1. Test of understanding: given the chain, find the longest segment containing no chymotrypsin sites (Phe, Trp or Tyr not before Pro) that are in a DSSP loop and have at most 14 other Cβ atoms within 10 Å.
2. Quick check on the stretch 9-85: take the gyration tensor over C-alpha atoms, sort the square-rooted eigenvalues as a ≥ b ≥ c, and tell me if it's rounded (a/c under 1.5), prolate or oblate.
3. So if each residue of separation counts as 0.36 nm, and I subtract the Cα-Cα distance between Thr43 and Lys78, what length gain in nm does that give?
4. What angle, in degrees between 0 and 90 and rounded to the nearest 10, separates the Cα long axis of helix 75-85 from the longest principal axis of the Cα atoms of the chain?
5. About its Cα centre, what dipole magnitude does the stretch 9-85 give when the only charges are +1 on Lys and Arg Cβ and -1 on Asp and Glu Cβ, stated in debye to the nearest 20?
Amino acid sequence: MNPVRPFMCYVYILKSEKDENLYTGFSFDLKKRVQEHRRGLVTSTKFRRPLSLIYYEAYTHKEDAVRRERYLKTGMGKRDLRKRLRGGLTG
């Protein structure tokens, strides 16, 4: 008997290798969404390529993921994220 696997939601952070800026997004299919960004199919990151996936979080509830994405896009959320990633981004 196979247990039912819940769907996952992802909050992810991309880093532009062009301008060093970070982009925060949300998706149900992380691999597909990152590929869309890398191919230039996403308007908000189209001219910021190449992009690297530097961080993601997985959630089982969409509401939690959406709340987290919104928080990470605030000033306080960006500061917290940079603290968390410090060292990993700068060596």
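Please treat every number below as a calculation from the coordinates, not as lab data. The shown structure was predicted, so the numbers you read here are calculated from the model rather than taken from an experiment. Quick reminder, even Gly has a Cβ in these numbers, built from the backbone with ideal geometry, and neighbours come from all protein chains shown.
1. Counting only loop sites that pass the neighbour cut-off, the longest clear stretch is 29-91.
2. Oblate, because a/c is 1.5 or more while a/b does not exceed b/c.
3. So the chain would gain 10.5 nm between Thr43 and Lys78.
4. 90
5. 180
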